[in-house]
Structures are given as C-alpha cells and as structure tokens.
Amino acid sequence: MIPAVTMLEGQRMGGNHKDTKAFELLENSGDRLRRSVTSDAMSVELVSAFAGDRDMTDSERAKVDTQIETRGGVFFSDMFYAISHHYFAPEIAETLWGQILKHKHLMSEALGRNVRITVATLDYLSNVTNEIASPTLISEAYAAEIATLSMRDGMTGLYNHSSCYELLELEFRNHRRYGAGLSLILMDIDDFKLVNDRHGHQEGDRILIELAKTMTGQVRDSDICCRFGGEEFVAILPFTNSPSEACAIAERIREEATTIMCCGERITISAGVAVCDQGTRSPRTLLERADRALYRAKSDGKNRVALAARDE
C-alpha cells in the first residue's frame, strides 16, 4: 500500500481550534522546513507504526523514544506534518493526536478492520473538526517531490529566491524574539556576463553548479545556501552575531571558488557580509546592507569580502 499524505485543494476551515496561533509556524519551523524533504525527516511509515498500524521494530521504538524525550510536544507536530503536511503547535498537536487515535480505534471497530492512521487523520480533520477542506490523497514520494520543486532551484539544487526570503524571515523572527544571532552573505561571480558571452551559457551553467557545490562544502550544517538569482547567491548564517566569524565563512567560500576553472582561467567572486543588530529593522534591511557591502567589494577591485558597517 502506498503511504499517503493529505494536501489541500481548498482553504483550512475554522473547526474547533479557532485560535489563529494554532496555525502559526512554530518558532523552529525554519529547521522543519529545511528538513521536510531530507532523509532525516519523519516518515509516514514511522508514524504509521507508532500509531499501531503495524508492530514497531526495535530501532523504530528507540528512535521514537529518543524523539519524544528530546523534542517533547514538537514530536507530535512533526508527526502531523508527516501525514498531513500541516503544522499544529505542540500544545495542540499532542492533544489532537490522542483524539485521532481514539477516532482511529472507533473507525476500526465500526469497519471491522485496522484503519490506517493516515485515513483516520484525514477523516477526523475533514469530517469531524472541519480543519481542512477538499483534501486529496497523494503519495508521500510525490509530496516530497512537489516540496522539492517548489523550494529548490532546478539547476543548482540550492534553495530558490522565494524560499530564501521565507527562511530568512523565519531566522530573523528568531533573532528578534530570542536574540539569536543572524548574519548574511550575499555574493556573486565577478564578470560572469563575460563568461556567458565568450564561452556560452552551457559553460556558465556549469560554473553556477560548481559554485553551489563550493558553497555547501564550505558552510556549516546550520547554514542555509540559496541561489538568489542569476549569478547571485546567499548564505544565511543562523546563530551568528560575530562579524569575524561571518567574514571567515565568506572568505572560505571566496578562496575555494578560485579553484573553479573556466577554459584555463580561475573564476573569482565578491561578497558582502551583514550582521543583524538592533538597528536591523527587517530581513530586507539585512539584505540591503549586504548588497551595499557587495557593491563596495566590487568597487574596491573584486575578488574580496566586504563587511557592512553598522550604519550602512
């Protein structure tokens, strides 16, 4: 049987949970968004086993026990995302999980067979609480493919322009609410137009792909790499409020980028670095500061990293 999740064709309905906070993204939803199509995301099959659709293996039980211990109520939010692609805040998700398990048991008794948790969840949220409208079942693999296509740049595999803004907004929210550090690197390839003009767009595309690989190889696991557009790339650096640390990461990328060859010549990149402070009013402000620093790096001779001043 193909694991299935629900995707909405209509709008979420009010149901029994009318508090809009119930449907806000969790504070760590940037992490969940990044994990939603990766190998460590919670699978439908694990949720199915935990709900009693089948016996759990020892490794699955150990994984679930660890998740509950370390993530608490967020564990239940992750389970709902896996089977419905909708976020429920932890304080609601744990209670809702108990209600759906009871609903699953009642459905199984009425039908004389073990009803899977995906079916019970769909029925409960659409017919009992009216939380979702006009759901349709699609395969888990297809849902992951849709998420990947909507979030990723097709050429480089990095997060695309729109995802960059969404992820930056989430990290900025953490910065404002909890004081978590946040820095940003905006970079582009020097004289990239000449590469395309002299050597063709196919060679240009190869260089973009190589630079994307270079970025992901030089940043930390917590950092977020995006293709911002054309030859421009962004690295979002959560938990980073040190200008020297942010510049060191940018320098690593810049230096490693010089190993990329184009018809016997090394390419170079320029980068602008901006660090969030109390005067940073919005994610767009942070991007604008990084952009001005990038312009200064270009003006000063290219192939260098420039740090945005606090009043820049």
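The values are calculated or read from the model by the stated rules, or taken from the named source; none is laboratory data. Values in this document were obtained by computation on a predicted structure and should not be read as measured data. For neighbour counting, all protein chains shown are included, and Cβ atoms are generated from backbone atoms with ideal geometry for every residue, glycine included.
Within segment 164-203, being buried (at least 19 other Cβ atoms within 10 Å of the Cβ), in contact with a helix residue (DSSP H, G or I) (Cβ under 6 Å, 6 or more places away or on another chain) and of a type in the set (A, V, I, L, M) holds for L167, L168, L170, L182, L184, I185, L186, V195. Taking the conditions (1) at pLDDT 95 or above; (2) outside any strand (DSSP E or B); (3) out of contact with any Lys or Arg (no Cβ under 8 Å at 6 or more places or on another chain) in turn, A212 satisfies each one other than (3).
Per-residue answers, yes or no, for (1) closer than 23 Å to I68 by Cβ; (2) assigned to a helix (DSSP H, G or I); (3) not polar (S, T, N, Q):
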{"position": "E91", "(1), (2), (3)": "yes, yes, yes"}
{"position": "Q99", "(1), (2), (3)": "yes, yes, no"}
{"position": "L106", "(1), (2), (3)": "no, yes, yes"}
{"position": "T121", "(1), (2), (3)": "yes, yes, no"}
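For segment 211-223, state whether one or more residues are under 27 Å from Q278 (Cβ atoms), of a type in the set (S, T, Y) and buried (at least 17 other Cβ atoms within 10 Å of the Cβ). Checked against the condition, which is being under 27 Å from Q278 (Cβ atoms), of a type in the set (S, T, Y) and buried (at least 17 other Cβ atoms within 10 Å of the Cβ), segment 211-223 yields no hits at all. Please tell me if I207 is of a type in the set (V, I, T), surrounded by 15 or more Cβ atoms within 10 Å (Cβ to Cβ) and within 17 Å of A308 (Cα to Cα). Criteria not met by I207.
In segment 62-88, how many are over 15 Å from L125 (Cα atoms) and part of a loop (DSSP other than H, G, I, E, B)?
Residues of segment 62-88 over 15 Å from L125 (Cα atoms): 62-76, 78.
Those left that are additionally part of a loop (DSSP other than H, G, I, E, B): 72-73.
Number of matching residues: 2.
What are the residues in segment 167-189 that are assigned to a helix (DSSP H, G or I) and aliphatic (A, V, I, L, M), if any? Hits for segment 167-189 are L167, L168, L170.
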